Amino acid sequence: MKAKTNGITVTPVKKYAAPKYPTQTAAEREPELLRRLPPRWEQNVRVAAAVTMIGAMTLSGCGIKKTDNSSAVVVPATEIEIAADIGALAGEPAMVEFTTEQDMTIDTGDLAGEILVELTTEQNFTAIETTENDNASFLNVAPIFFHGEGTGAFGGVPLMDPYAVLSEQEAFAIINSAAASAGLNFSADPPDYTATKNKTGNKYLVGDEYCEEELGDGSVGLNFYDRDKRVAVAYIPMGEATEMPLTSTVIIHRPRELAELVAEDFSRQKGEITIGVFYDPGVNYEGDKLKLEEDLRAQVRDFVAWLQNQGII
């Protein structure tokens with residue numbers, strides 16, 4: 001039986017010679033065996049420390065062969081990280097062969113047989129035990145529901161009346177009201193999650209250096225939370241999405257674009273709640289505040305419909 005995971009072929013070993021290293025039984029009987037290293041290894045502090053850790057974990061039952069709580073063998077080396085999940089192999093010994101110097105993790109959590117790891121280049125070893133958090137699910141983040149341009153510019157030539165914007169207090173009132181109509185109760189303090197991704201990928205030449213464009217200060221938290229339904233919301237106001245660095249007297253805000261970055265950031269964090277991200281609909285240069293209010297309500301309405309499709313409410 002062969003299994004291929006992440007480009008690594010895992011092949012069962014039908015026959016193999018008796019190991020030249022101490023068995024667990026022998027190591028438990030004579031712990032000093034685990035402290036004996038080849039002279040070349042003794043010169044490498046990292047190897048010595050890693051092998052010491054393996055010995056301690058083996059004697060305490062946290063070695064590479066376990067069938068309940070997962071454990072792993074990690075081979076740290078240079079630049080590439082390859083994870084070979086061989087948890088599905090059961091009942092037969094397996095050999096994993098790595099042909100280059102890489103960072104490699106072998107997850108042996110559900111393996112019922114023994115593992116032989118053959119490394120064709122010189123590697124260092126250490127062992128880690130996975131925790132329950134390693135298996136935790138990611139935050140359930142809704143897509144951005146686009147209603148309103150989500151941009152605004154101030155400074156330079158003053159804006160002439162009429163024009164309209166939503167204050168943060170007005171936006172919060174709209175979100176609370178629309179959510180309550182759908183049965184959401186945002187009275188609880190939200191969990192402490194923070195999105196820090198705010199770089200757009202654009203670069204500007206400022207003086208003699210290129211500066212990467214950012215939106216806001218890279219610290220967006222949650223504003224609303226329904227504890228019973230485990231649903232939270234983050235709102236991106238205009239002032240939280242200021243385009244940086246400032247290169248002119250015109251200050252540009254892009255809350256819609258920052259909302260996309262924030263949602264992407266949250267989706268990579270571990271947790272068991274659902275998050276929606278809303279944004280300031282922008283500036284209405286015709287003075288139509290009702291249009292801005294309706295755009296924000298539409299964002300909340302689409303989020304509620306998404307929650308219903310997910311079976312959350």
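The values are calculated or read from the model by the stated rules, or taken from the named source; none is laboratory data. What you see is a predicted model; the values in this text were computed from it and never measured. A quick note on method: Cβ atoms are made from the backbone with ideal geometry, for glycine too, and the neighbour counts reach across all protein chains shown.
What is the number of the single condition among (1) touching a Phe, Trp or Tyr at 6+ places or on another chain (Cβ under 9 Å); (2) surrounded by fewer than 17 Cβ atoms within 10 Å (Cβ to Cβ) that L222 does not meet?
All conditions pass for L222, except number (2).
From the list V233, V250, V304, which residue is among the β-branched types (V, I, T) and within 19 Å of the chain's Cα centre (by Cα)?
Exactly one residue qualifies, and that residue is V233.
If G239 satisfies every condition in (1) at pLDDT below 95; (2) small (G, A, S); (3) assigned to a strand (DSSP E or B) but one, which is the exception?
The failed condition is (3).
Checking A241 against (1) buried (at least 22 other Cβ atoms within 10 Å of the Cβ); (2) touching a Cys at 6+ places or on another chain (Cβ under 6 Å); (3) not charged (D, E, K, R), which single condition isn't satisfied?
(2)
Considering only residues that are surrounded by fewer than 17 Cβ atoms within 10 Å (Cβ to Cβ) and in contact with a strand residue (DSSP E or B) (Cβ under 6 Å, 6 or more places away or on another chain), look in segment 164-199 and name the one that is farthest from A305 (Cα to Cα).
Of everything passing the filter in segment 164-199, K199 is farthest from A305 (Cα to Cα).
From (1) of a type outside the set (V, I, T); (2) in contact with a Ser or Thr (Cβ under 6 Å, 6 or more places away or on another chain); (3) surrounded by fewer than 14 Cβ atoms within 10 Å (Cβ to Cβ), pick out the condition that doesn't hold for E213.
(3)
Evaluate the following for R256: is it surrounded by fewer than 16 Cβ atoms within 10 Å (Cβ to Cβ), out of contact with any Leu (no Cβ under 8 Å at 6 or more places or on another chain) and within 30 Å of A305 (Cβ to Cβ)?
Spelling it out, it is not the case that R256 is surrounded by fewer than 16 Cβ atoms within 10 Å (Cβ to Cβ), out of contact with any Leu (no Cβ under 8 Å at 6 or more places or on another chain) and within 30 Å of A305 (Cβ to Cβ).
Can you tell which of R268, R254 is assigned by TED's automatic domain parsing to the domain that holds G221, over 30 Å from I313 (Cα atoms), modelled with pLDDT of 95 or more and not aromatic (F, W, Y)?
Working: R268 fails: over 30 Å from I313 (Cα atoms).
Being assigned by TED's automatic domain parsing to the domain that holds G221, over 30 Å from I313 (Cα atoms), modelled with pLDDT of 95 or more and not aromatic (F, W, Y) holds for just one of R268, R254, which is R254.
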